[in-house]
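Enquirer: Here it is, the structure, as structure tokens.
The values are calculated or read from the model by the stated rules, or taken from the named source; none is laboratory data. Computed from a predicted structure; not experimentally measured. Glycine also receives a Cβ, built like all others from the backbone with ideal geometry; neighbour counts cover every protein chain displayed. Protein only, heavy atoms only, side chains kept; ligands, DNA and RNA dropped before computing areas. Shrake-Rupley method; radii C 1.70, N 1.55, O 1.52, S 1.80 Å.
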Amino acid sequence: MTIRFDNPDRPNSYIGKTVPRPNAARLVQGRGQYVDDVVLPRLVHVAFVRSPLAHARIAAIDTAEAARVKGVVRVFTGEELAAVCTPWVAVLAHLKGLKSPPQYPLAVGRATWVGEPVVAVVATSRLAAEEGANMVDVDYEPLPAVTDMMTALDAGTPVLHEEMGDNLAFRRLHEQGDVDAAFAAAHTVVEAHFTTARHTGVTPEPRSILVDWNPAEGQMTAWHATQAPHMIQTVLAQHLDIPEGRVRVICGDVGGSYGIKVHVYPDEVATAAIAKILGRPVKFIADRLESFNTDIHARDHEIVARLAVDEEGRILAMDVDDWTAIGSYSVYPRTSAIEGNQVVNLCGGPYDFANYRARTSVVFQNKVPTCQYRAVGHPIAVAVTEGLVDMAAARLGMDPVEIRRRNMYRDNAYPVTSPAMMRFEGLSHHASMNRLMELMDYDGLRAEQAALRAKGIYRGIGIASFIELTNPSPFMYGIGGARISAQDGCTVRMDPDGSIVALSGVTEQGQGTEAMLSQVVAEGVGVSPDRVRVITGDTQVTPYGGGTWASRGAGIGGEAALQSARALRHSILEVAGAMLQADPSGLDIRAGQVVDTASGEARMPLEELGRIVYFRGDTLPKGLPRELVQTRHFITSDYPFAFTNGVQASWLEVDTETGVVKLLKHWCVEDCGRVINPLLVDEQIRGGIVQGLGGALYEEIHYDGEGQLLNGSMADYLVPMAAEMPDMVIGHVETPTMESMLGAKGAGEAGTAGSPAAVMNAINDALRPLGAEVTAMPFTPERILRALRVIGN
Amino acid sequence: MTDVFRDRIDIALTVNGEPVEARVPAGQHLVDFLRGELGLTGAHASCEHGVCGACTVRVDGQAVRGCLMLAVQADRTEVWTVEGLSDSAAIRDLQDAFVARNALQCGFCTPGMLVSAQELLEADGVPSREEIREHLSGNYCRCTGYEAIVDAVETVARARAGKGAA
């Protein structure tokens, strides 16, 4: 059965329309319920004593003073929690050679970054827990800290984990074609050294968890701000020795995630372990300093890359040497090798060329562990690729749009396999570029730029094409042995009043999952979206699923919802056929009514059908199937990932005296396949763009040489605020995936993937007449003034 | 230090139009008092440095950071949180505009954003987009990229000005 999405006049045509988000009205009234809003009887709070040193042996811990603080219930050390919680090792079998030592909820014997939890203090109030934590006396013996990425593997650098042998966590070299020969024969070769700074997600709601252990039931319940409730269920069960079926994870409202809340954090597992020991609810809400020194960091890469082109600008070869430092542990269970691996997979992504070499080297150091953060690896790969393409265009005296058009895969070339061995089902680089040119009036903007330059005003246009990995199959994590589900499920049922309930394994982090599901189910069954109640985020209620990550909610969860809704529609019509003595194939459901398909004549409202099924089932034929509930699960199988594509443009002005960049406007045309809800998609793109703009201009975690975090507050770590951000124009090309009825691919990370590269290219476009170039993010006034040689190096 | 912070002080104020009397620790922040003692969980603690604006509430008509003001400083004041502003319908047009424009995603910053925006909307005239952006520059949103918020506030400013002129 198919839906004619190309017919806007079809019945129940909610897919493709902007419908309101069912949860938005609640949130604007302050009626959301985030984890910190949940209060339970006998609740206690936990605060953590964290390592003040980047690397130290824990010689002794004295908790006697802390235990005497009024309100303190109990104090736990690493050894005590290790007795009830097994350690974890974050490796994946398909990332060959990846290594990481066992990690415990609290440091045992040795602390390896500033912020690592060492002691937990539990008290009847958060204040008392913090006071207790202040009274814990830990005797640290400093050990040499590894803090520099590029010397981490040098013979003179101490080995962070002696049992690992060296500081190399993972290395992958990919080579396709004859790269050296292509470079040797090239007309032009450009080379650059890029750096992307260490970022963190800065979720408005800090990491939050409340765990209760009911010994009478033998059940653990965790209220958790998470993107992956079922994954957390598995992890808590596995490491705390509880049957998986006896762990329930509830994920209510979540105040921003962006990848930060899809990982296993030692202090959160510690909270669960403590709840199990104490047999009462324990709450941990990170404070903002804890967000900076324990939330995963990301994007800390240095890359030297080269691009070879012929005299007509055709790409002959690309050679990338990527380095990243991941902190002291690979993060469980997704691991910290994925970002580097993504850089290898994604560089050169839009372009049709043959010779490609990329290596990533992933090293340990004594800093906060890094892991997957919105658009994982994409902003890095896109900046490297698009930066080099612009440099090549400049060297050849070619327009940046023209060089891209000469190299992008033709829109009718698919399916193709890229030199990174990524398989593309169907992309639209040229159509997207054409749409961008129209939206931004590229030629007009170039003329304006030239006119202003004559007046000493330096404005730049930056273009960045990109691909984005979405709808992952088990090739991302499952094949590596991680219990991270790539499939997702949805149960849809009709209640006696004719209303529909949809239970989904994907989660709501604010992106609009519940609205998306409501309209997919509404169209699939044949009711209006306001007749659909969506329930997500409860492992004891929803079908098993992966949750929210890698831009999978709409493409995977949405398809499961559509299929289950269509199945329910079929069940309803079978009952209706029996009641109306009509052939079900001649009946349809429209706006909550069973109707004759041909005439559209109303035959019966769903609430009447519900009344009969649930209260007068005696009047239906014996043996008639009457289950008004259906479940379907969906997994992609034709392609490992559903790639999307897009192109962004930045228009900005550089003040050459102060080095300040003013963002004037930003465009993004992207192709996420079927657009289910245009408004939600556009706002995902806008929010994603701005998250990338933060990385381009402001965001950078600073450490000193001893591994001390220097900017652990929102006053010191700059994020994009309203005054500095531009208005953004969003356009779409739709190339639906053929893997699903719905045809949707992911949209949540495209903005973040491309915007840093667009800004970098725009700055360099503005500065090119002055002979200056920047490739180290963020592009602070200082870095721009150094590039302009206004200030010395 | 500890003894000082353990000192408790009697305060009397109105919160969302209702009289409240309480004995509060001298060191307790207003946002913790509202959330923990009164169960008003609309205002959120986020940066705890007065930078992000998630805890913004109205105190005597001004938008105030609940993490920078102590509960004792709210003695004899009139405090409004998003819950009270919702019940009184004082910002219903703004809330409707936020929902219609999808000017919120996770919603964590939204109560503070609404209080800040309402302060601007109460001033004379229709603010420009730049003025809206400037006024909201102390309210951090990681989800939306701000444009939808600016649109929603601009829409309400124009609508209110239209009503005032009529």
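Enquirer: How would you classify the stretch A:296-359 from its alpha-carbon gyration tensor, with a ≥ b ≥ c the square roots of the eigenvalues: rounded for a/c under 1.5, else prolate if a/b is greater than b/c, otherwise oblate?
Expert: Here the stretch A:296-359 falls in the prolate category.
Enquirer: Here is a follow-up. Percent relative contact order of the stretch B:91-165, based on C-alpha pairs within less than 8 angstrom and at least six residues apart? Walk me through the numbers before you get to the answer.
Expert: Values: 71 pairs, mean separation 33.8, N = 75.
Here the relative contact order equals 45 percent.
Enquirer: Let me ask you something else. I need the phi-derived Karplus couplings for the stretch A:213-226: 6.51 cos²θ - 1.76 cosθ + 1.60, θ = phi - 60°, integer Hz, Gly and Pro marked x.
Expert: 10, 9, x, 5, 9, x, 10, 9, 10, 10, 8, 9, 7, 9
Enquirer: Let me ask you something else. Taking a point 7 angstrom from the Cα of residue A:151 along the C-beta vector, which residues in the stretch A:327-368 have backbone N less than 20 Å away?
Expert: Backbone N within reach: A:327-328, A:361-368.
Enquirer: List the residues whose amide H sits under 5 Å from the amide H of residue A:660, counting only those 5 or more places along or on another chain, with H placed 1.01 Å from N in the peptide plane.
Expert: Sorted by chain and number, the residues that satisfy this are A:655.
Enquirer: Moving to a separate point now. If I take R0 = 22 Å and measure r between the Cβ atoms of residue A:535 and residue A:637 in this structure, what FRET efficiency does the formula 1/(1 + (r/R0)^6) give, to the nearest 0.05?
Expert: Working: r = 27 Å, r/R0 = 1.24.
So, using R0 = 22 Å, E works out to roughly 0.20.
Enquirer: Step through the residues of the stretch A:105-115 one at a time and calculate ³J(HN,Hα) from phi using the Karplus curve (6.51 cos²θ - 1.76 cosθ + 1.60, θ = phi - 60°), rounding each to whole Hz and writing x for Gly and Pro.
Expert: Coupling constants for the stretch A:105-115: x, 10, 3, 10, x, 8, 10, 10, 7, 6, x Hz.
Enquirer: Sticking with the crude label model, points 7 Å out along Cα→Cβ, report the distance from residue A:219 to residue B:89 in nm, one decimal please.
Expert: 4.2 nm
Enquirer: Modelling each spin label as a point 7 Å along the Cα-to-Cβ direction, I'd like the residue A:770/residue A:62 distance in nm, to one decimal.
Expert: 5.8 nm
Enquirer: Tally Lys and Arg at +1 and Asp and Glu at -1 over the other residues with C-beta under 14 Å from the C-beta of residue A:229: what net charge comes out? Intermediate results must be reported in sequence, preceding the final value.
Expert: On the way: positive: A:248, A:261, A:483; negative: A:244, A:253, A:268, A:488, A:508, A:538.
Once all neighbours under 14 Å are counted, the net charge is -3.
Enquirer: With an 8 Å cut-off on Cα pairs and a minimum separation of 6 or more residues, tell me the relative contact order of chain A in percent.
Expert: Numbers: 2032 pairs, mean separation 122.9, N = 793.
Answer for chain A is 15 percent.
Enquirer: Taking only protein heavy atoms into account and a 1.4 Å probe, give the accessible area per residue of the stretch A:240-306 in Å². Don't jump to the answer; show the numbers that get you there.
Expert: Numbers: 1410 Å² over 67 residues.
In whole numbers, the stretch A:240-306 has 21 Å² accessible per residue.
Enquirer: Right, here's the next one. For residue A:452 and residue A:187, what is the calculated FRET efficiency with R₀ set at 45 Å and r taken between the beta-carbons, to the nearest 0.05? Mind showing how you got there, number by number?
Expert: Values: r = 33 Å, r/R0 = 0.73.
For residue A:452 and residue A:187, the calculated efficiency is 0.85.
Enquirer: Quantify, in whole percent, the carbon and sulfur part of the accessible surface of the stretch B:2-82 (1.4 Å probe; protein heavy atoms only). Can you show the working numbers first?
Expert: Details: 1740 of 3780 Å².
Here carbon and sulfur together make up 46 percent of the probe-accessible area.
Enquirer: Multiplying the sequence separation of residue A:483 and residue A:304 by 0.36 nm and subtracting their Cα-Cα distance, what value in nm do you get? It would help to have the intermediate numbers written out before the result.
Expert: Details: separation 179, 0.36 × 179 = 64.44 nm, distance 3.50 nm.
Fully extending the segment from residue A:483 to residue A:304 adds 60.9 nm.
Enquirer: How many Cβ atoms of partner chains, on average, are near each residue of B:96-104 if near means within 10 Å of its Cβ?
Expert: Details: counts 2, 1, 4, 9, 4, 2, 13, 3, 8.
Across B:96-104, the average partner-chain Cβ count within 10 Å equals 5.
Enquirer: Would you pull out the residues with amide H under 5 Å of residue A:355's amide H, same chain only if 5 or more places away, H placed 1.01 Å from N?
Expert: A:318
Enquirer: Now for a separate question. What's the average, rounded to a whole number, of partner chain beta-carbon atoms within 10 Å of each residue's beta-carbon in A:124-136? The partial results should precede the final answer.
Expert: On the way: counts 0, 2, 2, 6, 0, 0, 0, 4, 0, 0, 2, 1, 0.
For peptide A:124-136, the averaged partner shielding equals 1.
Enquirer: With r defined as the distance between the Cβ atoms of residue A:6 and residue A:574 and R0 fixed at 30 Å, what FRET efficiency is calculated, to the nearest 0.05? Walk me through the numbers before you get to the answer.
Expert: Details: r = 28 Å, r/R0 = 0.95.
After rounding to 0.05, the efficiency reads 0.60.
Enquirer: Here's a follow-up. Place a +1 charge on the Cβ of each Lys and Arg in the stretch B:91-165 and a -1 charge on the Cβ of each Asp and Glu, then give the dipole magnitude about the Cα centre in debye, rounded to the nearest 20. Provide the component values of the computation, followed by the final result.
Expert: Working: 8 positive and 11 negative charges, 45 e Å.
About 220 debye.
Enquirer: Provide the packing ranking of A:691-702, A:236-247, i.e. peptides ordered by the mean count of other C-beta atoms within 10 Å per residue, highest first. Numbers along the way, then the final one.
Expert: Working: A:691-702: 24.2, A:236-247: 17.2.
Highest to lowest by the protection proxy: A:691-702, A:236-247.
Enquirer: Another one. Which percent of the accessible area of the stretch A:1-132 is formed by carbon and sulfur heavy atoms (probe 1.4 angstrom)? Before the final figure, lay out the partial values.
Expert: On the way: 3120 of 5670 Å².
Solvent-exposed carbon and sulfur of the stretch A:1-132 make up 55 percent of the total.
Enquirer: Continuing with the same structure: Give, in whole angstrom and from largest to smallest, the semi-axes √(5λ) of the equivalent ellipsoid of the protein assembly as shown, with λ running over the eigenvalues of the Cα gyration tensor.
Expert: On the way: eigenvalues 314, 293, 190 Å².
For the protein assembly as shown, the semi-axes come out at 40, 38, 31 Å.
Enquirer: Within the stretch B:2-82, what percent of beta bridges assigned by DSSP are antiparallel, to the nearest 5? Kindly include the intermediate steps, with their values, before the conclusion.
Expert: Details: 15 of 17 bridges.
Antiparallel: roughly 90 percent of the beta bridges in the stretch B:2-82.
Enquirer: Could you check the spin-label model distance between residue A:321 and residue B:9? Points 7 Å from the Cα along Cα→Cβ, value in nm.
Expert: Distance between the two pseudo-spin positions: 6.2 nm.
Enquirer: If we sort A:334-341, A:128-135 on the protection proxy, mean other Cβ atoms within 10 Å, highest first, what's the order? Walk me through the numbers on the way to the answer.
Expert: Values: A:334-341: 27.4, A:128-135: 21.4.
Averaged packing, sorted descending, gives the order A:334-341, A:128-135.
Enquirer: Rounded if a/c is under 1.5, else prolate if a/b beats b/c, else oblate: with a ≥ b ≥ c from the C-alpha gyration tensor eigenvalues square-rooted, which is the stretch B:91-165?
Expert: Values: a/c = 1.86, a/b = 1.47, b/c = 1.27.
Because a/c hits 1.5 or more and a/b exceeds b/c, the stretch B:91-165 counts as prolate.
Enquirer: Could you name every residue in the stretch B:29-46 that has 40 Å² or more less accessible surface in the full protein assembly than in its own chain alone (probe 1.4 Å, ligands and nucleic acids excluded)?
Expert: Output list: B:35, B:41, B:46.
Enquirer: What whole-number value in cubic angstrom gives the convex hull volume per residue for the C-alpha atoms of the stretch B:2-82?
Expert: Working: hull volume 6.5 nm³, N = 81.
Convex hull of Cα atoms, per residue: 80 Å³.
Enquirer: Let me ask you something else. For the protein assembly as shown, give the magnitude of the charge dipole about the Cα centre (Cβ charges: +1 Lys/Arg, -1 Asp/Glu; no others), in debye to the nearest 20. Before the final figure, lay out each step's value.
Expert: Working: 84 positive and 118 negative charges, 281 e Å.
So the dipole magnitude of the protein assembly as shown works out to roughly 1340 debye.
Enquirer: If one puts a single equal scatterer on every Cα of the stretch A:422-544 and applies the Debye formula without solvent, what log₁₀ I(q)/I(0) results at q = 0.19 Å⁻¹?
Expert: Log10 of I(q)/I(0), two decimals: -1.06.
Enquirer: Suppose we keep just the DSSP beta bridges with both residues in the protein assembly as shown; what percent of those would be antiparallel, to 5?
Expert: Working: 120 of 150 bridges.
Expressed as a percentage, antiparallel bridges in the protein assembly as shown total about 80.
Enquirer: Quick one: Debye curve from the C-alpha atoms of the stretch B:33-166, no solvent, what's log10 I(q)/I(0) at q = 0.10, 0.11, 0.19 Å⁻¹?
Expert: At q = 0.10, 0.11, 0.19 Å⁻¹ the computed log10 ratios are -0.30, -0.36, -1.08.
Enquirer: Next up: Taking 8 Å as the Cα distance limit and 6 or more residues as the minimum spacing, I'd like the relative contact order of the stretch A:207-327 as a percentage.
Expert: Working: 174 pairs, mean separation 31.2, N = 121.
Relative contact order, the stretch A:207-327: 26 percent.
Enquirer: Summarise the partner chain shielding of A:250-259 as one whole number: the mean count of Cβ atoms from other chains within 10 Å of each residue's Cβ.
Expert: Working: counts 0, 0, 0, 3, 3, 11, 10, 3, 3, 0.
Averaged over the peptide's residues, the number is 3.
Enquirer: Please list, in order along the stretch A:679-690, the HN-Hα scalar couplings obtained from phi with the Karplus expression 6.51 cos²θ - 1.76 cosθ + 1.60 (θ = phi - 60°), rounded to whole Hz, x for Gly and Pro.
Expert: Listing the rounded values in order: 5, 5, 5, 4, 6, 5, 5, 4, x, x, 4, 5 Hz.
Enquirer: What number comes out for the charge environment of residue A:366, summing +1 per Lys or Arg and -1 per Asp or Glu over other residues with Cβ under 10 Å away?
Expert: Working: positive: A:367; negative: A:116, A:706.
Net charge in that neighbourhood comes out at -1.
Enquirer: Quick query: amide H of residue A:169 versus all other amide H atoms, modeled in the peptide plane; which residues come in under 5 Å with a sequence gap of 5 or more or a different chain?
Expert: A:362, A:363, A:364
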